[in-house]
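Notes follow the structure.
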Amino acid sequence: MTIRYDDKVVLVTGASTGIGAAVAKGFAKNGAKVAINYGSSHAEAKEVLAEIVGQSGEAELFPADLRDTAAVKKMVEDVIAKFGKIDVLVCNAGGLVDRVGLEAMSDEFYDSVMDLNVRSVVSTCSAALPHLSKSKGNVIITGSVATKVGGGAGASLYAASKAAAQNLIKTYAKEYAAEGIRFNSVSPGTIYTLFHEKHTSPEVLKNIAASIPMKRLGTPEDCVGAYLFLASDDLAGYITGQAVEVNGGQLMP
Ligand code: NAD
């Protein structure tokens, strides 16, 4: 059994910061060639690339706004042009966008959250499907503990969008098992990244940390092992349609 990814090509979306950056570095450390996607954080993405290349890894940047299906298709074409195949697709890009309650809800806000967290997963999986079919590859999406317990204040659409994404991959898992493609998700609890730096107060985070059995928030690095495990056909070849919870005991479904 091996958890090496030599000769494997891994596309990680939203890999400039937080969980995606840690996952990209984790795959690279274990031999994979990594396609680093990001939306607008070019400087941060360049740092991830430099760290991987500095440790003799192989990676390349593929900027694309994943809310735009044409940009998604081009990103996948560019990855194929550079690396020739995709073995593992990590659909990680996503976010809260903003905290908005029902009293301030708008169609524009609805679209922005759903496009970022649901449309992007559908379009990326769709664009990558022929390549995953060839490689007998697998997909891992980043879900959330919020899919089971709902979001915090103003995060209703975010939680619902993540639940939609986690549900989508169950259908894909059934539909494409015959082609040898697996679909799973990693479902993080409260992980300290830009996501919470931007949208959650330090006081709320302190209270959340106190309520977690392990008495701390998660780190991006805490999440990496679950992705490496699910991506490995040797370790997880009979696992599809599942969610791995990474949350310090915050939720035991
Ligand atoms: P983050 O803000 O550090 O990372 C978000 C990533 O998504 C960045 O790389 C960013 O470039 C990318 N991105 C954002 N909009 C994009 C777009 N339109 N097109 C392409 N890329 C885009 O935060 P994070 O916490 O690392 O979030 C990563 C994933 O983890 C998200 O899907 C988030 O919903 C999920 N998640 C986070 C937590 C948490 O507590 N931090 C918990 C559960 C799930």
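The values are calculated or read from the model by the stated rules, or taken from the named source; none is laboratory data. Keep in mind it's a predicted model, so treat the numbers as computed, not measured. In this analysis, Cβ positions are derived from the backbone assuming ideal geometry, glycine residues included, and neighbour counts consider all displayed protein chains. Calculation scope for accessible area: heavy atoms of the full protein, side chains included, ligands and nucleic acids excluded. Shrake-Rupley method; radii C 1.70, N 1.55, O 1.52, S 1.80 Å.
Please enumerate the residues belonging to segment 216-253 that are of a type in the set (Ser, Thr, Tyr) and either open to solvent by less than 20 Å² (accessible area, probe 1.4 Å) or closer than 16 Å to VAL149 by Cβ (or both).
Within segment 216-253, TYR227, SER232 qualify.
Confirm whether ALA177 is in contact (Cβ under 8 Å) with a residue 24 or more places away in the chain, outside any loop (DSSP other than H, G, I, E, B) and open to solvent by less than 70 Å² (accessible area, probe 1.4 Å).
yes
Test of understanding: among LYS46, LYS85, which residue is closer than 19 Å to ILE19 by Cα, surrounded by fewer than 16 Cβ atoms within 10 Å (Cβ to Cβ) and among the charged types (D, E, K, R)? Outline the logic, then answer.
Numbers: LYS85 fails: closer than 19 Å to ILE19 by Cα.
Unique residue meeting the criteria: LYS46.
Which condition number does ALA59 fail, the rest of (1) in contact (Cβ under 8 Å) with a residue 24 or more places away in the chain; (2) within 15 Å of the ligand (Cβ to nearest atom); (3) more than 20 Å from ILE3 (Cβ to Cβ); (4) over 16 Å from the mean Cα position of the chain (by Cα) being met?
The number of the failed condition is (3).
Being out of contact with any Ser or Thr (no Cβ under 8 Å at 6 or more places or on another chain) and in a loop (DSSP other than H, G, I, E, B) is the filter; apply it to segment 40-63 and report the residue that is nearest to GLU108 (Cα to Cα).
Taking the candidates together, the pick is SER40.
Is it the case that GLU47 is under 17 Å from GLY14 (Cβ atoms) and more than 14 Å from the ligand (Cβ to nearest atom)?
no
From PRO188, PRO202, PRO213, which residue is open to solvent by 50 Å² or more (accessible area, probe 1.4 Å) and either aromatic (Phe, Trp, Tyr) or under 27 Å from VAL48 (Cβ atoms) (or both)?
PRO202
Taking segment 123-155 on its own, how many of its residues are more than 14 Å from the ligand (Cβ to nearest atom) and surrounded by fewer than 23 Cβ atoms within 10 Å (Cβ to Cβ)?
11
Given the criteria buried (at least 20 other Cβ atoms within 10 Å of the Cβ) and either modelled with pLDDT of 95 or more or touching a helix residue (DSSP H, G or I) at 6+ places or on another chain (Cβ under 6 Å) (or both), does ALA160 qualify?
It is false that ALA160 is buried (at least 20 other Cβ atoms within 10 Å of the Cβ) and either modelled with pLDDT of 95 or more or touching a helix residue (DSSP H, G or I) at 6+ places or on another chain (Cβ under 6 Å) (or both).
Just name the residue that is nearest to LYS33 (Cα to Cα) out of those in segment 222-253 that are small (Gly, Ala, Ser) and assigned to a loop (DSSP other than H, G, I, E, B). Reasoning before the result, please.
Step one: of segment 222-253, the residues small (Gly, Ala, Ser) are 225-226, 231-232, 236-237, 241, 243, 248-249.
Pick out the ones that are also assigned to a loop (DSSP other than H, G, I, E, B) and you get 232, 237, 241, 248-249.
Working: SER232: 15, GLY237: 21, GLY241: 25, GLY248: 30, GLY249: 33 Å.
That would be SER232.
Looking at (1) within 19 Å of the chain's Cα centre (by Cα); (2) on the phi > 0 side of the Ramachandran plot, which is the one condition that is false for SER41?
All conditions are met except number (2).
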